[in-house]
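Got a structure for you, questions after.
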Amino acid sequence: MAKETALITGASSGIGLEFAKLFAADGSDLVIVARREERLKEIAEELSSAHGITVHVLAKDLSKPKAPEEIFSHLTKEKIQIDVLVNNAGFGKKEVFSETDKEMHLDMLQVNVTALTHLTKLFLTGMLERGYGGILNVGSLAGFQPGPNLAVYFASKAYVLSFTEALSEEIKNPDIKISCFAPGPVRTEFGEKSELADSLLFKISLMDSAPAVKAGYEGFRKGQTIVIPGIKQQLVPFFNRITPRFMIRKLAKRLNT
Ligand SMILES: NC(=O)c1ccc[n+]([C@@H]2O[C@H](COP(=O)([O-])OP(=O)(O)OC[C@H]3O[C@@H](n4cnc5c(N)ncnc54)[C@H](OP(=O)(O)O)[C@@H]3O)[C@@H](O)[C@H]2O)c1
């Protein structure tokens, strides 16, 4: 089989960067996407010299509706075939919905939901024609319950989980792997940017990014539909199923404070 190329969004830091390192260590060529171009170039330099792979840098703002189409046409023009798409770029912010600027929420939905769906649509077609490939969507444990104080973020991750699960059931070819990586809190820039770093949620269940992402990578390679790193974290969906919904909402609000 020809050498695999993985496109990773949000590869300039955190979880996306860890995924880039794991794909690179396994010899995959990469296309890395984010807004911070200089940082992407440094990462490209580092990974290509460490692993002898080709890394293509694409600086794009995924809150812009045209970005997925621009990425796809650029790669088509350059004749770069994408075998694995890692939809990782995303952000959240602690806020009370009614008191928050609408632009921030619309951008969040564009990046976390619409760009992820658009990129999946664009790249999945080629994977189906070739009969192999993979889509690894980065959701969150947040997708398993409502999230007062981060209402839009939690809802966006519920979409990612639901969409990815449905897709994995529709696509019956075992050579096309469809996986949702759904971690709880992970030590990245997200904690500070979302203002969740001092929340109870982060205090009780923060994981380092390298082991968390390694579990996500291995689960994806094995074809697991949902991958939750950490034993405590794996109990959350079960706990949510046996707990009355009103209690889950109240607990989530407390944890997000
Ligand atoms: N850390 C956690 O606790 C945690 C838990 C569960 C799920 N997640 C999910 O994991 C994913 C990665 O987050 P992280 O924890 O690694 O946080 P991070 O360190 O802040 O990384 C976020 C990445 O997304 C990129 N990004 C954000 N907005 C973008 C935009 N408009 N256009 C293009 N790229 C954009 C950032 O790149 P630029 O700033 O350079 O554009 C960065 O590379 C997100 O989907 C997040 O929701 C995180």
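How charged is the neighbourhood of GLY184? Take every other residue with its Cβ under 13 Å from the Cβ of GLY184, and add Lys/Arg as +1 and Asp/Glu as -1.
Charge balance in the 13 Å sphere: +3.
Sticking with this structure for a sec: Just in segment 189-257: which trypsin sites (Lys or Arg not before Pro) are loop by DSSP and have at most 16 other Cβ atoms within 10 Å?
Taking segment 189-257 and a limit of 16 other Cβ atoms within 10 Å, the loop trypsin sites (Lys or Arg not before Pro) found are LYS222.
Based on the alpha-carbon set only, what is the convex hull volume of segment 134-257 divided per residue, in Å³?
In segment 134-257, the Cα convex hull volume per residue is 101 Å³.
Moving on to the next point. Mind giving me the nanometre distance, one decimal, between the label points for GLU46 and GLU70, set 7 Å out from Cα along Cα→Cβ?
It works out to 2.6 nm between the two label points.
Expected output is a single nm value to one decimal: the length gained when fully extending between LEU235 and THR54, i.e. 0.36 nm times separation in residues minus the C-alpha distance. What is it?
Contour length minus the Cα-Cα distance gives 61.2 nm.
Assuming 0.36 nm per residue, please report the length gained on full extension of the stretch TYR132 to LEU106 beyond their Cα-Cα distance.
6.0 nm
Let me ask something additional. What do you get for Rg/Rh of segment 5-255 when both radii come from the Cα atoms and Rh is the Kirkwood radius?
Here the Rg-to-Rh quotient is 0.95.
Beyond a 28 Å Cα-Cα separation, which of these cross-linked pairs lie in this structure: LYS66/LYS93; LYS66/LYS232; LYS60/LYS193; LYS77/LYS172; LYS3/LYS172?
Checking Cα-Cα distances, LYS66/LYS232; LYS77/LYS172 exceed 28 Å.
Each value in this text was obtained by applying a stated rule to the coordinates, not by laboratory testing. Treat the numbers as computed from the prediction; the structure is a model and nothing was measured. With ideal geometry, Cβ positions are generated from the backbone for all residues, glycine too; neighbour counts draw on all protein chains shown.
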